[in-house]
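What follows is a single structure, and I will ask about it in a moment.
The values are calculated or read from the model by the stated rules, or taken from the named source; none is laboratory data. Keep in mind that what you see is a predicted model, and the values were worked out from it rather than measured. All Cβ positions, glycine included, derive from the backbone under ideal geometry; neighbour counts span all protein chains shown. These accessible areas exclude ligands, DNA and RNA; they are computed on the full protein's heavy atoms, side chains included. Shrake-Rupley method; radii C 1.70, N 1.55, O 1.52, S 1.80 Å.
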Amino acid sequence: MNAPLDMRARIEAAAEAYPDQRSAIMPALMIAQKEYGHLTGDVLEEVADILGVERIWVYELATFYTLFHTEPVGQVHLQLCDNVSCMLRGAEALLRHMEQVLGIAEGETTGDGMFTLSTVECLGACEMAPVMQVGDDYHGNLDADRIDALLATLRARREKADV
Amino acid sequence: MFEPVLLKSVGQPDSHSLSHYRSVGGYEALQKALNDYTPDEIIELVKGSGLRGRGGAGFPTGLKWSFVPKGQEKPKYLCCNADEGEPGTFKDRIIMEEDPHQLLEGMAICAYAIGAETGYLYIRGEYVKAIRILETAIREAHAEGCLGRGILGSDFNFEVHIHEGAGAYICGEETAMLESLQGRRAQPRLKPPFPAVAGLYDSPTVINNVETLACVPHIVERGSSWFNGIGPERSPGPKLYCLSGSLRKPGLYELPMGIPLRELIEEHGGGAPEGRQIKAVIPGGVSAPMIPAEGLDVGMDFDSLAGVGSMLGSAGVIAIDDNTCIVKVATRIVEFFHHESCGKCTPCREGLDWAVKIMRRIEAGEGAPTDLEQLERLCGGIFGNTFCALGDGAAMGIRAALMHFKDEFTAHIDEGRCPYH
Ligand SMILES: Cc1cc2nc3c(=O)[nH]c(=O)nc-3n(C[C@H](O)[C@H](O)[C@H](O)COP(=O)(O)O)c2cc1C
Ligand code: SF4
Ligand code: FES
């Protein structure tokens, strides 16, 4: 497998921040995941080759850290925090609401591959609990209506992109 | 009248820009440090201020810096802990998003004091916005000579690199963070050796929390007696408190260290929402044992909270109201620690697995009368026997819930259901 050229360049640039190539595995996996969506065995091997490090070192990080996905995720990853501060402000009811609206259970992806729904630990934004991370962005002070509006916006954005 | 310094720019237009930071005197402390102080004098200044680490453990910051050996051949490193995973905590995120140069200036002053030319800023990967803002801030600081080579006309060099975390709470533990920075699974290291002597790549390393480092420019600017004149003698300074949970006005508040927890909850947080009462408060992120409502007249500082069997921790203050089941809250906390256990040591890895099973069945109304005893025994087996403080924190959390709210646990068992459902 040949990585896209700019991915190789970006990984090599990231590695310059460290005196040791092994330190660059995490940033390299981030870059590769952005490129491919999730980390297959081939991608992990490519990362190891670019950095010139042991493959096992790359595998062990890809499987330790929860932000690395070795399985496919939907185009939009809905990550609802259900830790204490969010739980105290209704996260559970929001989860049930989303499961019902999307027709999937927590941990699943919709049939069209659009949404993956997960619960996550504290997102560090408890002042606006309940909070959900959608892609890179945080959405706080959520209730069922706001969730419905958010999902509608995300769907509309995707339909536009499809046209 | 207490004057906020750490949050003074929050909410101002473009507060994260270098031009805004300069307009409120930014990087003057660094200039002053470089012109008027030797590195040792900075360490003495910070020691004299009484600043204690804001990441949870409260270790004296100047003392930590003084442990770094002088004039060695090996490079020295500064690592800023911006992993902020402790549930209930969001202060470091807000500093980074709103006032990133305050942190960079603090890092530069610390690096000057300990003789480091390289700093790593370990930010949890979920904080995409903070990461983007800091990338820009680092670029801006470089362009104006506040970072890089020959900083502000001196012969001091310092580079900051951002390292993105990838979703593991244990990376907040300082030695696990070093493992993670070295490209390994984040499992804590045995201490000693302490990082100040042999840390990152076996080199002398200082690890400090974001808020700790953000205090440093203000100490240089205003002096150590300004800092230690605020709050209690043994834990002085301005402090960020993260208020969340069942409150009318959740948010981030800067107030003196040591203010009464009751004042924080009732006056600043506005108390419980309409028709509810506060039943318990977790004062320092979920690692800090909960305090029942009767105990709120305690000062929010390291020593006072330790005195009542809890801790200041990250000052993530979570209010729990009387509509909430304590067994459920405690179960959720233990589920968190179980999920985040790195698996290195048996009491934490296996013990928390058992604890979660027992607590879930009690919450579901399927607990047996012997379960409480078994939980107590389990906590005894975990506490004091784990490799790092994660396991201890979990055991202390369970014990506090059992001690203060035993009646709720027994009600679940006796009634065979959760009384709150
Ligand atoms: C399980 C665990 C998680 C921790 N998480 C954090 C964290 O997210 N941020 C932090 O600054 N310190 C955290 N700490 C404390 C660090 O180990 C360390 O004491 C701190 O970063 C030192 O900086 P300070 O002296 O400025 O507080 C954690 C400790 C443990 C045991
Ligand atoms: S106490 Fe838990 S988190 Fe800490 S080293 Fe042991 S298994 Fe890992
Ligand atoms: S508990 Fe949900 S963001 Fe902190």
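Test of understanding: among B:Ile278, B:Ile282, B:Ile333, which residue is open to solvent by less than 10 Å² (accessible area, probe 1.4 Å) and touching a residue at least 12 places away in the same chain (Cβ under 8 Å)?
The unique qualifying residue is B:Ile282.
Quick check, is B:Val317 in contact (Cβ under 8 Å) with a residue 60 or more places away in the chain and either more than 24 Å from B:Arg185 (Cα to Cα) or not basic (Lys, Arg) (or both)?
So B:Val317 fits the description; yes.
Next question. With the condition kept exactly as written, say whether any residue in region B:158-180 is in a loop (DSSP other than H, G, I, E, B), surrounded by fewer than 16 Cβ atoms within 10 Å (Cβ to Cβ) and touching a helix residue (DSSP H, G or I) at 6+ places or on another chain (Cβ under 6 Å).
Within region B:158-180, none of the residues are in a loop (DSSP other than H, G, I, E, B), surrounded by fewer than 16 Cβ atoms within 10 Å (Cβ to Cβ) and touching a helix residue (DSSP H, G or I) at 6+ places or on another chain (Cβ under 6 Å).
Select from region A:15-34 the residues that are among the hydrophobic types (A, V, I, L, M, F, W, C), within 9 Å of chain B (Cβ to nearest Cβ) and part of a helix (DSSP H, G or I) and list them in ascending order.
Answer for region A:15-34, where residues must be among the hydrophobic types (A, V, I, L, M, F, W, C), within 9 Å of chain B (Cβ to nearest Cβ) and part of a helix (DSSP H, G or I): A:Ala24, A:Ile25, A:Met26, A:Leu29, A:Met30.
With the condition kept exactly as written, say whether any residue in region B:220-229 is open to solvent by less than 10 Å² (accessible area, probe 1.4 Å), under 21 Å from B:Arg93 (Cα atoms) and β-branched (Val, Ile, Thr).
Checked region B:220-229: no residue is open to solvent by less than 10 Å² (accessible area, probe 1.4 Å), under 21 Å from B:Arg93 (Cα atoms) and β-branched (Val, Ile, Thr).
Does B:Leu190 count as open to solvent by less than 20 Å² (accessible area, probe 1.4 Å) and either touching a residue at least 24 places away in the same chain (Cβ under 8 Å) or more than 17 Å from B:Val210 (Cα to Cα) (or both)?
No.
Out of (1) assigned to a helix (DSSP H, G or I); (2) facing chain A (nearest Cβ under 10 Å); (3) without any contact (Cβ under 8 Å) to a residue 60 or more places away in the chain; (4) touching a Gly at 6+ places or on another chain (Cβ under 8 Å), the odd one out for B:His142 is which?
Going through the list (1) assigned to a helix (DSSP H, G or I); (2) facing chain A (nearest Cβ under 10 Å); (3) without any contact (Cβ under 8 Å) to a residue 60 or more places away in the chain; (4) touching a Gly at 6+ places or on another chain (Cβ under 8 Å), B:His142 breaks only (2).
Moving on to the next point. Could you tell me whether region B:85-94 includes any residue that is within 16 Å of ligand 2 (Cβ to nearest atom), within 14 Å of chain A (Cβ to nearest Cβ) and not charged (D, E, K, R)?
Yes - at least one qualifying residue is present in region B:85-94.
Oh, and also: Looking only at region A:79-118, how many residues end up being within 11 Å of the chain's Cα centre (by Cα) and away from every other protein chain (no Cβ under 14 Å)?
Number of matching residues: 2.
Sticking with this one: So is A:Thr66 facing another protein chain (nearest Cβ under 10 Å) and farther than 27 Å from A:Ala149 by Cβ or not?
Spelling it out, A:Thr66 is indeed facing another protein chain (nearest Cβ under 10 Å) and farther than 27 Å from A:Ala149 by Cβ.
Taking B:Lys328 as the residue in question, decide whether it is more than 16 Å from ligand 3 (Cβ to nearest atom), outside any strand (DSSP E or B) and within 12 Å of another protein chain (Cβ to nearest Cβ).
Here the answer is no, as B:Lys328 does not meet what is asked.
Give me a count of the residues in region B:176-187 that are of a type outside the set (Lys, Arg) and either without any contact (Cβ under 8 Å) to a residue 60 or more places away in the chain or within 16 Å of ligand 3 (Cβ to nearest atom) (or both).
Result for region B:176-187: 4.
Identify all residues within region A:126-147 that are open to solvent by less than 60 Å² (accessible area, probe 1.4 Å), more than 18 Å from the chain's Cα centre (by Cα) and more than 18 Å from B:Thr89 (Cα to Cα); write none if there are none.
Answer for region A:126-147, where residues must be open to solvent by less than 60 Å² (accessible area, probe 1.4 Å), more than 18 Å from the chain's Cα centre (by Cα) and more than 18 Å from B:Thr89 (Cα to Cα): A:Leu142, A:Ala144, A:Ile147.
Please count how many residues of region A:91-116 are open to solvent by 30 Å² or more (accessible area, probe 1.4 Å) and within 16 Å of ligand 3 (Cβ to nearest atom).
4
Check whether at least one residue in region B:309-330 is within 16 Å of ligand 2 (Cβ to nearest atom) and open to solvent by 20 Å² or more (accessible area, probe 1.4 Å), and report yes or no.
Scanning region B:309-330, I find no residue that is within 16 Å of ligand 2 (Cβ to nearest atom) and open to solvent by 20 Å² or more (accessible area, probe 1.4 Å), so the answer is no.
Could you figure out which of (1) within 16 Å of ligand 3 (Cβ to nearest atom); (2) in a loop (DSSP other than H, G, I, E, B); (3) in contact with a Lys or Arg (Cβ under 6 Å, 6 or more places away or on another chain) isn't true of B:Ile320?
Among (1) within 16 Å of ligand 3 (Cβ to nearest atom); (2) in a loop (DSSP other than H, G, I, E, B); (3) in contact with a Lys or Arg (Cβ under 6 Å, 6 or more places away or on another chain), B:Ile320 violates only (2).
Which residue is farthest from B:Met257 (Cα to Cα), if the candidates are limited to region B:5-43 and must be out of contact with any Ser or Thr (no Cβ under 8 Å at 6 or more places or on another chain) and of a type in the set (Phe, Trp, Tyr)?
The residue in question is B:Tyr37.
Sticking with this one: Give, as residue ranges, the helices (runs of 4 or more DSSP H) completely inside region A:47-154 that count at least 3 residues that are more than 28 Å from B:Gly245 (Cβ to Cβ).
Ranges flagged: A:55-64.
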